[in-house]
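A.B. asks: The structure's right below; bear with me while I get my questions together.
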Amino acid sequence: MSVLAYCVSLVSDNLKAPANGVSGARVQLAENTMLRAWYSEVETDSFSGTEHVAKAALDFHRCVSAVFNEGTVLPFRFPTILDSVDDILVHLDEKGVWYYEVLQQIEGLAQFEARILTKAKLPVEAESGKQYLELRKQLHKRVANAVESLVTTLEPVLDDHDIRESQKATRVYLLVERSKVASLRAKAAKVTVPDGIEIRLTGPWPPTEFLTNDEDEE
Amino acid sequence: MSSSDTGVMVLGGENSDDISLLEILDRVVSSGVVIHGSLVISLAGVDLIYLGLNVVLTAVETAQQSMKTHIHPTLPAPAARPRGKR
């Protein structure tokens, strides 16, 4: 039977996980002297079928969130499936120093993610190429204004932030102390968003976008 | 959810049910630690990580179907393709 890995924390934090995880499977511990990981034994058919995949992802999310509510964790990317618990233990031994340092760096911190979307669409048939480019420029400017407004408003409670753009949306990752989460939410709700722009702020999540790289992987 | 017509939609927290399934899926499959040596499969621009190839083939098909028909009907449907072992 394969194992699905959920997340890692420091043993010294003595965090607890829910009794059951994906598909109701028992959540189990794998530990070395420094690190504690959680996993479940899973049947491969837990990940076959449309409904099963989405439900498994939700179960995974709930399990990791429950541990994160207790303290500092690093989730594995879903679905990380290994042949046995020995694979998790070998991994923790190999990367122990990196996990230890990163978990200490993100101690007491949480991440929010703001996704900035444009509701306005560019015309399929613009009068001219010049007009199309002008409209696109205006749209980009509105997005940039929204990002600036958000970051400026939240800056007093932020530890860090990172702006990343993709074709579909601009994302702003926000790093905040857990004690300032309520303050961040309150400030965010007061940010004025330009017309035609939508900002969806989700969190708190484990701060996975602010990890230092593992030098061995570079 | 707390929001206004012109404000930020603040989701999650005590009422985490207001975060959509798509946002949760996007989050769990695109964030987190990747174990070195895992097989990486790209699906609709999202990397899925598996070690068991027999699991991959089933899961990618079903996840792709799920994303096309239930979660995000406008997503393109690229063929699942292994990007190679790391």
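The values are calculated or read from the model by the stated rules, or taken from the named source; none is laboratory data. Since we're looking at a predicted model, the values are computed, not measured. Because the Cβ atoms are built from the backbone with ideal geometry, glycine has one as well, and the counts that use them run over all protein chains shown.
A.B. asks: Which of the residues that make up region B:1-40 are in contact with a Phe, Trp or Tyr (Cβ under 6 Å, 6 or more places away or on another chain) and either modelled with pLDDT under 80 or not in a loop (DSSP other than H, G, I, E, B) (or both)? Working first, answer last.
C.D. replies: Let us first name the residues in region B:1-40 that are in contact with a Phe, Trp or Tyr (Cβ under 6 Å, 6 or more places away or on another chain), namely B:28-29, B:32-33, B:39.
Matches in region B:1-40: B:VAL28, B:VAL29, B:VAL33, B:LEU39.
A.B. asks: Against the definition (more than 9 Å from chain B (Cβ to nearest Cβ), closer than 23 Å to A:GLU101 by Cα and either in contact with a helix residue (DSSP H, G or I) (Cβ under 9 Å, 6 or more places away or on another chain) or of a type in the set (D, E, K, R) (or both)), how does A:VAL172 come out, yes or no?
C.D. replies: Values: more than 9 Å from chain B (Cβ to nearest Cβ): yes; closer than 23 Å to A:GLU101 by Cα: no; either in contact with a helix residue (DSSP H, G or I) (Cβ under 9 Å, 6 or more places away or on another chain) or of a type in the set (D, E, K, R) (or both): yes.
It is false that A:VAL172 is more than 9 Å from chain B (Cβ to nearest Cβ), closer than 23 Å to A:GLU101 by Cα and either in contact with a helix residue (DSSP H, G or I) (Cβ under 9 Å, 6 or more places away or on another chain) or of a type in the set (D, E, K, R) (or both).
A.B. asks: Could you give me the residue pairs with C-beta distances under 6 Å whose first residue belongs to region A:83-97 and is over 9 Å from A:ALA30 (Cα atoms), whose second residue is modelled with pLDDT under 90 wherever it lies, and which are 6+ apart or on separate chains?
C.D. replies: A:HIS91/B:ILE35
A.B. asks: Assuming A:ALA126 fulfils every condition listed in (1) surrounded by 14 or more Cβ atoms within 10 Å (Cβ to Cβ); (2) in a helix (DSSP H, G or I); (3) at pLDDT below 90 apart from one, which condition is it?
C.D. replies: Against the list (1) surrounded by 14 or more Cβ atoms within 10 Å (Cβ to Cβ); (2) in a helix (DSSP H, G or I); (3) at pLDDT below 90, A:ALA126 comes up short only on (2).
A.B. asks: Follow-up. Evaluate region A:162-184: report whether one residue or more is more than 30 Å from A:VAL64 (Cα to Cα) and more than 17 Å from the chain's Cα centre (by Cα). Step through it out loud before you land on a result.
C.D. replies: First pass over region A:162-184, keeping only residues more than 30 Å from A:VAL64 (Cα to Cα): none.
No.
A.B. asks: Further question on the same structure: When you check A:ALA5 against the structure, is it at pLDDT 95 or above, under 14 Å from A:VAL73 (Cα atoms) and within 11 Å of chain B (Cβ to nearest Cβ), yes or no?
C.D. replies: Details: at pLDDT 95 or above: no; under 14 Å from A:VAL73 (Cα atoms): yes; within 11 Å of chain B (Cβ to nearest Cβ): yes.
Judged against the criteria, A:ALA5 is not a match.
A.B. asks: With A:GLU209, A:GLU198, A:GLU113, A:GLU107 as the choices, which residue is closer than 24 Å to B:VAL28 by Cα, touching a residue at least 12 places away in the same chain (Cβ under 8 Å) and assigned to a loop (DSSP other than H, G, I, E, B)?
C.D. replies: Details: A:GLU209 fails: assigned to a loop (DSSP other than H, G, I, E, B); A:GLU198 fails: assigned to a loop (DSSP other than H, G, I, E, B); A:GLU113 fails: assigned to a loop (DSSP other than H, G, I, E, B).
Criteria check complete, one pass: A:GLU107.
A.B. asks: Spot the failing condition for A:LEU89; the list is (1) at pLDDT below 90; (2) farther than 28 Å from A:GLY203 by Cα; (3) more than 9 Å from chain B (Cβ to nearest Cβ), and only one is missed.
C.D. replies: (1)
A.B. asks: Hey, A:ALA146 hits all of (1) in contact with a strand residue (DSSP E or B) (Cβ under 8 Å, 6 or more places away or on another chain); (2) more than 11 Å from chain B (Cβ to nearest Cβ); (3) within 13 Å of A:ILE116 (Cβ to Cβ); (4) among the hydrophobic types (A, V, I, L, M, F, W, C) but one; which does it fall short on?
C.D. replies: (2)
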